[in-house]
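FYI, it's all coordinate maths here, none of it is from the lab. These numbers come from a predicted model, not from an experiment. Neighbour counts are summed over all protein chains in view; Cβ atoms, including those assigned to glycine, are modelled from backbone coordinates with ideal geometry.
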């Protein structure tokens, strides 16, 4: 740590001694298996939206963690789009003699 302090110079104490964050840890919404119930239940979303959101949080490789991964869905859409673009027939122009 002393090498870091040396590199920072006279700002070392200011940068390394920080311990008063602007947002307290009590105000953070940490992920968990009940994330949708805790966070979204008091919103103005209807039950169908909440159910679908809960389903997304409970399925996939991060199921039950409170995290949501949409990368696989985006990749699937890209692949599907590419697959359909190959099926479009191309027209060739014939030379009429």
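Placing pseudo-labels 7 Å out from each Cα toward the beta carbon at residue 26 and residue 63 gives an inter-label distance of 3.7 nm.
Over the stretch 2-71, the ratio between the Cα radius of gyration and 2.2 N^0.38 Å evaluates to 1.80. I need to check one value: relative contact order of the stretch 2-71, counting alpha carbon pairs closer than 8 Å and at least 6 residues apart, in percent. In percent, rounded to a whole number, it is 26. With R₀ fixed at 41 Å, the C-beta to C-beta distance from residue 47 to residue 11 puts the FRET efficiency at about 0.20.
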